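We did not get these values from a lab; they are worked out from the coordinates using the rules stated. Keep in mind that this is a model prediction, so the values were computed, not measured. Because the Cβ atoms are built from the backbone with ideal geometry, glycine has one as well, and the counts that use them run over all protein chains shown.
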Amino acid sequence: MSDAKTTTEAKSGGTSAAQAADSSASARAEGKKTPHATDCVMTQIVLPGDSNALGTAFGGRIMQWIDLAAAIACQRHCRSRVVTASIDDVHFVAPVKMGMAVELRARVNAAFRTSMEAGVRIESEDPVTGERAHVCTAYLTFVSIAESGEHLVVPTLVLETDEDRRRHADALERRALRLVRAQGRRARHAEQTAEKK
């Protein structure tokens, strides 16, 4: 996308772990905004109040945790207030039983002009056996805002590794689909408004 605010530090032949670590340390020292610097790891326990009649976590409760983890990651990138603009389709692939731990790992994948995409991976953990399962993955868009409510331009996201670049490319594709869907919603709203007149 033309308005993507991303700097890619391309390295021929890929990026080794040592190179990535050196690059990350250098970026932090220079105050650059990297995906790694936005990492948020949040752990919750599914309590009775978080569970439905079947003894599994409410999907809405997990969505609340997803929103919080993603918001923290985005705030770490822009260091301003953020608001949720959208959440992509979320499909739960495994239930989370009461008493299990839920780990949420959030990271900013892409920064645009005033918005950012954060990805969140959610896993459950049985506290007795230690068995873990992938529950769902979510992608959220947040907008940076000032106290006055105006949108703020967000910092450039510095891509250090091949994984950063892959995640960023995937985020651009998702953003393109979001924009197409948003255009369709606006067109339908305009049609409905015209019909009421």
### Message
Run the simple label-point estimate for MET98 and ILE45 please: 7 Å along Cα→C-beta, distance reported in nm.
### Response
1.4 nm
### Message
Skipping prolines and chain starts, which residues have an amide H placed within reach, meaning under 5 Å, of the one on MET100, given they are 5 or more residues away or on another chain?
### Response
VAL46
### Message
For the pair THR129/GLU163, report the inter-label distance in nm, with labels modelled 7 Å from Cα in the Cβ direction.
### Response
2.7 nm
